[in-house]
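What follows is a single structure, written as structure tokens, with notes after it.
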Ligand SMILES: Cc1cc2nc3c(=O)[nH]c(=O)nc-3n(C[C@H](O)[C@H](O)[C@H](O)COP(=O)(O)OP(=O)(O)OC[C@H]3O[C@@H](n4cnc5c(N)ncnc54)[C@H](O)[C@@H]3O)c2cc1C
């Protein structure tokens, strides 16, 4: 308001000056010169002086300047009248401004009062009722909830990792009342130390804000599917649990590392959260500090600088590579004695005969050679038996020999297991039998929930593969278009495409229809009989594997689900439902979900960083291994997978800093 008043005063002065300037054109030349001098002076002097000069001019030349040239001779009376009317105007203007200010202040106060009352009503948890199986408070509204959200379908997303963030990014604003519940901020990827943790973290609140979603830093401890209530506890267990109701629920809570009940697992580090990464970094630094002490014995120094990774999958391998980079390159900047560098030892213990054994064999071989050049010790065909405070005990599969390895830090990274929430869900539902993850259908709906209200994505879930054999008759009858009791090549081709649309996971197995047809047409009749198709389906059923627990899968599932939830919201709003198609489920009353296409995974290749080199497996024998070019490929994928422009920029900055540091060295 004050600023506006000052602006107004300035404009007024400017206006007076302009009026004077335009009016002076009508003055007699002599007076024009006189006026010009004064107004120029007025314009050039400071504001205060300018206004004096202008008012002098006004006193000298009465207000109606247009008529001055005609009746220039002014009288003492006119001057007095003008001064009076000017004074009146000033009074009126001031009164008007004061009045307006009061009106603004009054409305502002009233608005604040209304807002305060609204906030008071919404305050948590003033008027919640108790209910549900445990008679807990049911948080039917949230602290930052708007009235306009009250009647929207409640969508709750559990988790803030790869899967959850992809759903959020895909969801359209204002379609649902969205609540994201997770005990920690986003962790797109964890690393040892070559990258700053701030470069990898993006506050989930910023992401959620994009679709006006609410965020609760808490964890879901149980779900009551009958009453559609989620039992939630604050992340630090600081207060009693409460319920959050839902209409649609997305479970994207990730997984834990599988520990196989190994004795002494508590001495191991895990790498799942940013806190894990920080703890690892701290342990490494502490070990270096202790190793640098003059009284530390050479044996103890070697132990402190021995780093063991249990698990030779992509996570363990990447960790070992980054750890090695960090230990050999980054520790220099901390000015540790160079002798320590020579004592560093990194070992990988792998239960199968190669590291990266899910990749193409050429890739495993390349990685093993690279690691042996870097003096990374690879112990294959070995099973960890127990972990002691300073020592790990393992058994070689080949000859049963039991060996020991001293360590200063051990990282456990072998497979995935259920976390307490998914375990409790699995135990509750009859249809859930898998011990590692929640089972979903190919529309990512949780098995055992009949009304399509619960989805599970990412590491915490696994998509059930179809059993083609179980639908053999139906497929055979559908495919036999001319009803002659066998399938011609053309009929088989059409059938294969149809099966692929309904069960996208089968696409890659049915892709080469001509080769398949030739192989299973055992009597070489040029057609496929029922028994020949059965043999083919049995083989395909056996070959089909589950999708891997990777960020790539979680990301694609999240994207698919986000899009689908938008379509569902739209169908509810418009009452327009998608018409049935090849992929629709054949049930009497299919819901929208049954009519929309199933999830289809597109494998874009598996990448792994192996320390100033990278490997890529694109499937079907396509691989890429190498130094700089592969590292750039790996980096660009890593870069594109970042969740925001901020994390991308910080990542780019980290890599640039690292590049210049390497150049300097
Ligand atoms: C070190 C490391 C490196 C990896 N590198 C790669 C790679 O290069 N490429 C690749 O494809 N994959 C990689 N992965 C695997 C990848 O990170 C996972 O597959 C991916 O994160 C799975 O996504 P998600 O959303 O299912 O689970 P996560 O990303 O693990 O997220 C789970 C979320 O759920 C939250 N949560 C947990 N419990 C609860 C609860 N009870 N209630 C509410 N929220 C909960 C967690 O806080 C977290 O936010 C790597 C994994 C690790 C550990």
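Is it the case that some residue within the range 157-166 is assigned to a strand (DSSP E or B), more than 16 Å from the ligand (Cβ to nearest atom) and within 20 Å of residue 251 (Cβ to Cβ)?
For the range 157-166, residues assigned to a strand (DSSP E or B), more than 16 Å from the ligand (Cβ to nearest atom) and within 20 Å of residue 251 (Cβ to Cβ): absent.
Just for the range 449-467: of the residues that are away from the ligand (no atom under 13 Å from the Cβ) and within 14 Å of residue 565 (Cα to Cα), which one is farthest from the chain's Cα centre (by Cα)?
Applying the filter and picking the extreme gives 452.
What are the pairs, 6+ residues apart or on separate chains, where a residue within the range 405-432 that is closer than 14 Å to residue 259 by Cβ has its Cβ under 9 Å from a residue that is in a helix (DSSP H, G or I) and more than 14 Å from the ligand (Cβ to nearest atom)?
The qualifying pairs are 410/267; 412/265.
Residue by residue through the range 467-501, note down the ones that are farther than 14 Å from residue 532 by Cα and touching a residue at least 60 places away in the same chain (Cβ under 8 Å).
467, 498, 501
Just to confirm my filter: which strands (runs of 3 or more DSSP E) fall fully inside the range 351-433 and include at least 2 residues that are at positive phi and not assigned by TED's automatic domain parsing to the domain that holds residue 232?
Counting at least 2 such residues, we get no strands (runs of 3 or more DSSP E) at all.
Check the range 356-367 and report whether any residue there is surrounded by fewer than 18 Cβ atoms within 10 Å (Cβ to Cβ) and in contact with a helix residue (DSSP H, G or I) (Cβ under 7 Å, 6 or more places away or on another chain).
Yes, there is a match, as at least one residue in the range 356-367 is surrounded by fewer than 18 Cβ atoms within 10 Å (Cβ to Cβ) and in contact with a helix residue (DSSP H, G or I) (Cβ under 7 Å, 6 or more places away or on another chain).
Just one of (1) farther than 15 Å from residue 608 by Cβ; (2) within 16 Å of the ligand (Cβ to nearest atom); (3) not in a strand (DSSP E or B) trips up residue 336, so point out which.
Just one mismatch for residue 336, condition (2).
Scan the range 439-459 and give yes if some residue there is touching a residue at least 60 places away in the same chain (Cβ under 8 Å), under 30 Å from residue 263 (Cβ atoms) and assigned to a loop (DSSP other than H, G, I, E, B), otherwise no.
Within the range 439-459 (the criterion being touching a residue at least 60 places away in the same chain (Cβ under 8 Å), under 30 Å from residue 263 (Cβ atoms) and assigned to a loop (DSSP other than H, G, I, E, B)), the answer is no, since none of the residues qualifies.
Among the residues of the range 283-309, which ones are under 30 Å from residue 360 (Cβ atoms) and over 28 Å from the mean Cα position of the chain (by Cα)?
307, 308
All but one of (1) more than 15 Å from the ligand (Cβ to nearest atom); (2) in contact (Cβ under 8 Å) with a residue 40 or more places away in the chain; (3) surrounded by fewer than 16 Cβ atoms within 10 Å (Cβ to Cβ) hold for residue 281, so report the exception by its number.
(1)
Conditions tested, residue by residue: (1) away from the ligand (no atom under 13 Å from the Cβ); (2) within 29 Å of residue 606 (Cβ to Cβ).
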residue: 237; (1), (2): no, no
residue: 260; (1), (2): yes, yes
residue: 267; (1), (2): yes, no
residue: 270; (1), (2): no, yes
residue: 303; (1), (2): yes, no
residue: 309; (1), (2): no, yes
residue: 312; (1), (2): yes, yes
residue: 315; (1), (2): no, yes
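Could you tell me which of the residues 563, 497 is away from the ligand (no atom under 16 Å from the Cβ) and at pLDDT below 95?
497
Test of understanding: among 411, 446, which residue is modelled with pLDDT of 95 or more and within 16 Å of the ligand (Cβ to nearest atom)?
Checking each option against the conditions leaves just 446.
Just checking, how many residues over the range 151-165 are touching a residue at least 24 places away in the same chain (Cβ under 8 Å) and over 25 Å from the mean Cα position of the chain (by Cα)?
Qualifying residue count, the range 151-165: 0.
(1) modelled with pLDDT of 95 or more; (2) crowded, with 16+ Cβ neighbours inside 10 Å: which one isn't true of residue 419, the others all being true?
So residue 419 meets the others, but not (1).
Which of (1) within 16 Å of the ligand (Cβ to nearest atom); (2) out of contact with any strand residue (DSSP E or B) (no Cβ under 9 Å at 6 or more places or on another chain) does residue 546 not meet, given it meets every other one?
Single failed check for residue 546: (2).
The values are calculated or read from the model by the stated rules, or taken from the named source; none is laboratory data. Note that this is a predicted model, so its numbers are computed, not measured. Cβ coordinates were reconstructed from backbone atoms using ideal geometry, including for glycine residues, and neighbour counts include every protein chain displayed.
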